[in-house]
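Values in this text are rule-based calculations from the coordinates and carry no lab data. Because the structure is a prediction, the values reported are computed rather than measured. Neighbour counts run over all protein chains shown; Cβ positions are idealised from the backbone, glycine included.
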Amino acid sequence: MKIKKGWYALFTAPLMIMFCIIVIIPFFTGMGYSLVSWDGLAKSEKVFVGLSNYAKIFSDKQFLTSLVRTTLFTLITVVIVNVLALAFAVLVTTKLKVRNVARTMLFLPYLIGGLILGYIWQYVLGDAMSTIGDMTGLTNIFFNWLVNKKMAFCAMIVVSTWQMAGYMMIVYIAGLEAISDDVIEAAEVDGAGFWRTLINIKLPLIMSSITICLFLTLSNCFKIYDVNVSLTGGGPNNSTEMVSMNIFNEIFTKSHFGYGQAKAIVFFVIIALITLIQVKITGDKEVSA
Amino acid sequence: MKKRKIVSLVLATVLGASMVLGGCGSKGGSDASNTEGASGESKGKITIFQQKTEIYDQLKELAKDYEKETGVEVEVWQISGDDYYQNLKTYMSSESGPTVFSLSSSTEIAEMSAYLEDLSDLSFLDKINDDLIAKSDDKTVGVPMTAEGFGLVYNKNLISEDQINTTDALVQTIKDAAADGETGLGLSQEAYFLIGQILNTPFALQDDPAQFCQDVYDGKVNIADVKEFQELGQIFEAIKENQKNPLEVSYDDNCGDFATGKTEMIHQGNWCYSLFSSYDVDFDMGIAPLPIAGNKSIAVGIPSVWCVNTDASDSDKQLAKDFLNWLYTSETGADYLTNKFGFIPVVDGMEADNLDPLSQAVSDAIAEGNIIPWTFNEEWPAGIITTYLVQNAEEYFSSDMTTDEFLRALNDSFVTAANE
Amino acid sequence: MKRKPVGKIIVNILVILLCCVWLVPVYMVIVNAFKSRAELYENIFAFPKHFTLEYFQGALKKMDFLMAFKNSIIVTVIAVGIIVLLSAMTAWMFVRSNNKLSKFLYGLLILTMLIPFQTIMMPLMQEMNQFGKFFGIPFKDSLGGLIFMYVGFGAGMGVFLFHGFIKSSVPVSLEEAAIIDGCNTWQLFWRIVFPILKSITVTVIILDVIWIWNDYLLPSLTLTSIKNKTIPLAMSLFFGQYTIEWNMAMAALTFTIIPVIIFYLLCQKHIIKGVAAGAVKG
């Protein structure tokens, strides 16, 4: 289809201009700041230090550990969230009576903002867990997860999953509902059972939803901040500090604006690479209409 | 279509309920519009931004009274306590800062010094102890809001002062309490209440805290070899061995345990009294010094100071100064400070008649001069409590780290943070 | 898939049970909106001893709820409206004229979704300040400025979702037929393409509404005066430095999420309807 340049500009320019003003320009300004030593206040002196902020990153153990930790967290959470969200979506798009109620209930967690959510889960994973432990005697599973390094990390996964699964479910639902009934009926006439229909018919047809959800979960997990701050605060002894929190502390608590920006740029490049690989892989499998 | 009806019914109910419940709220709104109408002859406007969310309502009332009295409009900005400083910095850097704002440590004051107006010409400065006034390059830049003090907040029904007047006695009290199934000395998981404030005392007890800190940063002395710190270590050890892990206790739980008599004392300050109001507290309480190395003083400091934005227009700056003068010298202003905000007065001659018992204890200690300073606000590297020290304490309470290793880890954190 | 009725009932019950477990934290939000601090300390999981609307009233009053509600509605409705319209247009254009420029711009939009917000907030605020001065329009402390910023930030996800949907589910043949019938590009998009996008449009609306309705950081940086506060900002009053006024915060939260739930219920029907309508046409 041939489209004239004028139409092209009319359709895309308004959004792209706003986008450039709001995101691109500040991003490049921020990149410039990664080359200076500065405390973040406009009136303070900015000393040009070249790439030395970047050089410092490679000897910053705390940052590097949190980078590895965040990657691990992301990989695990992305898998769990997507499997669960897809399961939910399939469940609530079947002919179950309670599907509409279930849909809303499963989606509810996403309506509670990240900060409050973390505080509430502190009680569930802390107080409730140890109470159950005291009652049942199963103290090796039921104890305050948040004071144990490994379990605090698991707690991050549990809470993020709880929050994001309902959100991704919405996107999967949109994909599943878009499959025309004819296709499904045809499959059923051919004698395909529930699982065959799901794997051979539905999954390939919602590949674009899968791409979208993987991308969204990847970027949300990598950038996780609210839940981190309110649930574990990075503790115990920094064992759950994720990269966003590390950067945030560098910029605002320690007032190392330039260095924090440099970390952010490195972080950005890493997640960009990972997600682009993902989009490339799953995007190739998409079926075009 | 039944569903639609139900949904719209629910919607209507919610809106209706919020209207009814919000009756008071909307009344407040119409008040505001009235005053806006009256300020046709407005004499200007200043904005105030400060960290204490608990005085927000009272501050808004004060703003109304001030406008009634002087015709100057005062707008109060507010943000959650945690986000305050970060937002202030961003506002300032994009030239949209408030006229009057609060800062809470000398690190913040040093960092923001280019934005702080010289306040030397305020009329009441001679009535405030010179040590309490915030300075930058010998300029007066901040006037103290209030004083606060912390130490061992204890239940007078459960323990007497001589049970906690030496380190040994305190350690014994903690052990005895544990034997009775109670908590002796409650700490809680937040950085300041786990380690930040309690670690202040051994620093403040040194002859010259500033020099001592410098020596630590330079590696000339290790706190693990200093007596005051070792005694604090004994107390930590007693807590670790005898009590519920402080990492599992939140600030609210800690205060709740104290208010309900399950904990004999907590390391806290006078500010926590406001939490007790919703409990039926049926005992007397007091603040005792943390008794390490024979210490007899509670730690008192200035949690925050009022500053004026030097970027504001000259007329606005004058309005801001007039406001501060009014706040500290007029009868209405003093009434707000001492009674409605519940602040411990810092201006000579300003009396507070109905302070809560903990604030009264702090106020008395100030009057007797029986206090030690807050070194964490003045001397410690920026952000060390929340980024380094809390990690050390979390490690200590969640692993088999020895107390000596703990003290050495703290020392390392000071060296690292100071030389960063 | 035909099952016996008993089996069906059991599956239904199991699903509801799963949902209930899933909602334990939400239950905590609601019950704790009725408890005093002392009662909350006693047991945070228990049912409240008596129902009092004290904290709901207190929260509404302290937050100046109606004002905040109005501001939130204005910002959310306008910003989401603009995001949806503009990003649908942009995404369609990108798919249909898949040239180098489209690919580059699309890639740029996607990539920037990965930027941690904290790293651009300071430069953005400085830039907005300069813009405000230059054009003489307030970008800061104004709802309009906030909406403008939301459109910029929402562009990435909006285009991303529409792009994926258009590529996989909107047949080119339909559009070609319309062109033969004499539609110009503008008419083609609004009369033929946009109606087909209904189900993804609703999805984008839902996701963006929730994001903007709950967003705290961006408004906290741009809106300062009381008259401009949105709901999440007004709620931050209950978050002191060390302690949270739980009952008030939970009451406020309940009030905040109810409109979104209702909104979601209304939208949900349209996702299904949209598809049904599409199926009839197809």
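Using only helices, what value at 222 nm comes out for the protein assembly as shown when you add -39,500 (n - 2.57) per DSSP H run of length 4 or more and divide by the total residues, to the nearest 500 deg cm²/dmol?
Rounded to the nearest 500, the figure is -18500 deg cm²/dmol.
Towards the positive end of the charge dipole of the stretch A:53-284, with charges on Cβ (+1 Lys, Arg; -1 Asp, Glu), say which of A:Val171, A:Gly191, A:Ser130 has the farthest Cα.
Working it through, the farthest residue towards the positive pole turns out to be A:Ser130.
Take every residue in peptide C:196-207, count the Cβ atoms of other chains within 10 Å of its Cβ, and give the average of those counts.
Mean shielding by partner chains, rounded to a whole number: 3.
What order do you get for C:Arg37, A:Arg196, C:Arg96 when you list them from fewest to most C-beta neighbours inside 10 Å?
A:Arg196, C:Arg37, C:Arg96
Output wanted: per-residue J couplings in Hz (rounded whole) for the stretch C:19-27, from phi through Karplus 6.51 cos²θ - 1.76 cosθ + 1.60, θ = phi - 60°, x for Gly and Pro.
Listing the rounded values in order: 4, 5, 4, 4, 9, 3, x, 5, 4 Hz.
In whole Å, what are the extents of chain B along the principal axes defined by its C-alpha atoms, from largest to smallest?
The principal-axis extents, from largest down, are 68, 67, 43 Å.
Give me A:Ser37, B:Ser105, A:Ser160 sorted ascending by neighbouring Cβ count inside 10 Å, so fewest comes first.
The order, fewest Cβ neighbours first, is A:Ser37, B:Ser105, A:Ser160.
What Kirkwood hydrodynamic radius do you get for the stretch B:291-420 when you take the inverse of the mean 1/r over all pairs of distinct Cα atoms, in Å?
It works out to 18.5 Å.
Using a 10 Å cut-off on Cβ to Cβ distances, tally the other chain neighbours for every residue of A:273-282 and report the average as a whole number.
1
Would you mind estimating how fast chain C diffuses translationally, via Stokes-Einstein at 20 °C and 1.002 mPa s with the Kirkwood radius over Cα pairs, in µm²/s?
It diffuses with D of about 97 µm²/s by this estimate.
Can you compute the charge dipole magnitude of the stretch C:1-131 about its Cα centre, using +1 on each Lys and Arg Cβ and -1 on each Asp and Glu Cβ, nothing else charged? Give it in debye, rounded to the nearest 20.
Its charge dipole is roughly 760 debye.
To the nearest 10 degrees, how steeply does helix B:56-70 sit against the main Cα axis of chain B, on a 0 to 90 scale?
40
Expressed as a whole number of Å, what is the distance separating the alpha-carbon centroids of the stretch B:135-155 and the stretch A:99-161?
For the stretch A:99-161 versus the stretch B:135-155, the Cα centre distance is 39 Å.
Who wins for biggest fluctuation among C:Asn184, C:Asn99, C:Asn12 in a Gaussian network model of chain C, springs between alpha carbons below 10 Å?
So, out of C:Asn184, C:Asn99, C:Asn12, the one fluctuating most is C:Asn12.
Determine the distance separating the Cα centre of the stretch A:28-51 from the Cα centre of the stretch C:20-73; give it in Å without decimals.
Computed from Cα coordinates, the inter-centre distance equals 44 Å.
Rounded, prolate or oblate: which fits the stretch A:53-284, taking a ≥ b ≥ c as square roots of the Cα gyration tensor eigenvalues, rounded meaning a/c under 1.5, else prolate when a/b beats b/c?
In terms of gyration-tensor shape, oblate.
Say the dipole of the stretch C:63-281 comes from +1 at the beta carbon of Lys and Arg and -1 at that of Asp and Glu; which of C:Ile83, C:Tyr106, C:Trp186 then lies farthest toward its positive end?
Checked the options; the winner is C:Trp186.
Here is the link list: A:Lys46/B:Lys45; B:Lys340/C:Lys133; B:Lys127/B:Lys340; A:Lys223/C:Lys103; A:Lys150/A:Lys254. Which ones come out longer than 29 Å on Cα distance?
A:Lys46/B:Lys45; B:Lys340/C:Lys133
Have a look at the stretch C:7-98 and give its Rg and Dmax from the Cα atoms, expressed in angstrom.
My reading of the Cα-based Rg and Dmax gives 22.1, 64 Å.
With viscosity set to 1.002 mPa s and temperature to 20 °C, compute the Stokes-Einstein D of the protein assembly as shown, Rh being the Kirkwood radius across alpha carbon pairs; µm²/s, no decimals.
Calculated translational D: 70 µm²/s.
Classify the stretch C:63-216 as rounded, prolate or oblate, taking a ≥ b ≥ c as the square roots of the eigenvalues of its Cα gyration tensor: rounded when a/c is under 1.5, otherwise prolate if a/b is larger than b/c and oblate if not.
prolate
By the gyration tensor of its Cα atoms, with a ≥ b ≥ c the square roots of the eigenvalues, what is the shape of the stretch A:61-138: rounded for a/c under 1.5, prolate for a/b over b/c, or oblate?
Taking the square roots of the gyration eigenvalues as a ≥ b ≥ c, the stretch A:61-138 is oblate.
Among the listed pairs B:Lys156/B:Lys296; B:Lys43/B:Lys64; A:Lys4/C:Lys167; A:Lys263/B:Lys52; B:Lys68/C:Lys61; B:Lys60/C:Lys227, which have their C-alpha atoms separated by more than 25 angstrom in this model?
Correct reply: A:Lys263/B:Lys52.
If we count every other residue with Cβ under 14 angstrom of B:Asn242's Cβ, Lys/Arg +1 and Asp/Glu -1, where does the sum land?
Here the count lands on -3.
Which of the DSSP-defined H helices in chain A satisfy a minimum axial length of 15 Å, computed from C-alpha atoms, and a minimum mean Kyte-Doolittle hydropathy of -0.5?
Once both thresholds are applied, what remains is A:5-19, A:61-92, A:149-177, A:207-222, A:257-284.
Could you order peptides C:117-124, B:47-54, C:50-57 by the average number of other Cβ atoms within 10 Å of their residues, highest first?
Taking the mean over residues of other Cβ atoms within 10 Å, the ranking is C:117-124, B:47-54, C:50-57.
Hey, if you put +1 on the Cβ of every Lys and Arg and -1 on every Asp and Glu Cβ in the stretch C:63-281, which of C:Gln130, C:Val170, C:Thr203 ends up farthest toward the positive end of that dipole?
Among C:Gln130, C:Val170, C:Thr203, the one farthest towards the positive end of the dipole of the stretch C:63-281 is C:Val170.
Note down the relative contact order for the stretch C:65-201 as a percent, whole number, built from C-alpha pairs under 8 angstrom at least six residues apart.
Relative contact order comes out at 35 percent.
Could you identify which residue out of B:Glu368, B:Glu379, B:Glu351 has the top mean-square fluctuation in a GNM of chain B using Cα springs shorter than 10 Å?
B:Glu368
Normalised by the number of residues in chain B, what is the relative contact order in percent for Cα pairs under 8 Å and 6+ residues apart?
Answer for chain B is 24 percent.
Using only Cα atoms and rounding to the nearest 10 degrees, what angle (0 to 90) does helix B:314-329 make with the longest principal axis of chain B?
For helix B:314-329, the angle is close to 60 degrees.
Have a look at the DSSP beta bridges in the protein assembly as shown and tell me what percent are antiparallel, nearest 5.
70
In which sequence would C:Lys70, C:Lys61, B:Lys227 go, from the one with the fewest C-beta neighbours within 10 Å to the one with the most?
The order, fewest Cβ neighbours first, is B:Lys227, C:Lys70, C:Lys61.
Would you please state the base-10 log of I(q)/I(0) at q = 0.13, 0.14, 0.22 1/Å for the stretch A:159-289, with intensities from the Debye formula using one equal scatterer on every alpha carbon?
-0.71, -0.78, -1.27
Over chain C, what is the relative contact order in percent, taking alpha-carbon pairs closer than 8 angstrom and at least six residues apart?
30
Please list, ordered by chain and number, the residues whose modelled amide H lies under 5 Å from the amide H of B:Val141; skip anything fewer than 5 residues away on the same chain.
Residues meeting the criterion, in which the H sits 1.01 Å from N, are B:Leu119, B:Ala134, B:Lys135, B:Ser136.
Taking only Cα atoms, what is the 0 to 90° angle, nearest 10, from helix C:246-281's long axis to the longest principal axis of chain C?
Taking Cα atoms only, the helix is inclined about 30 degrees.
May I ask for the distance between the Cα centers of the stretch C:178-255 and the stretch B:200-219, given as a whole number of Å?
If we compute the Cα centre of each part, the gap is 51 Å.
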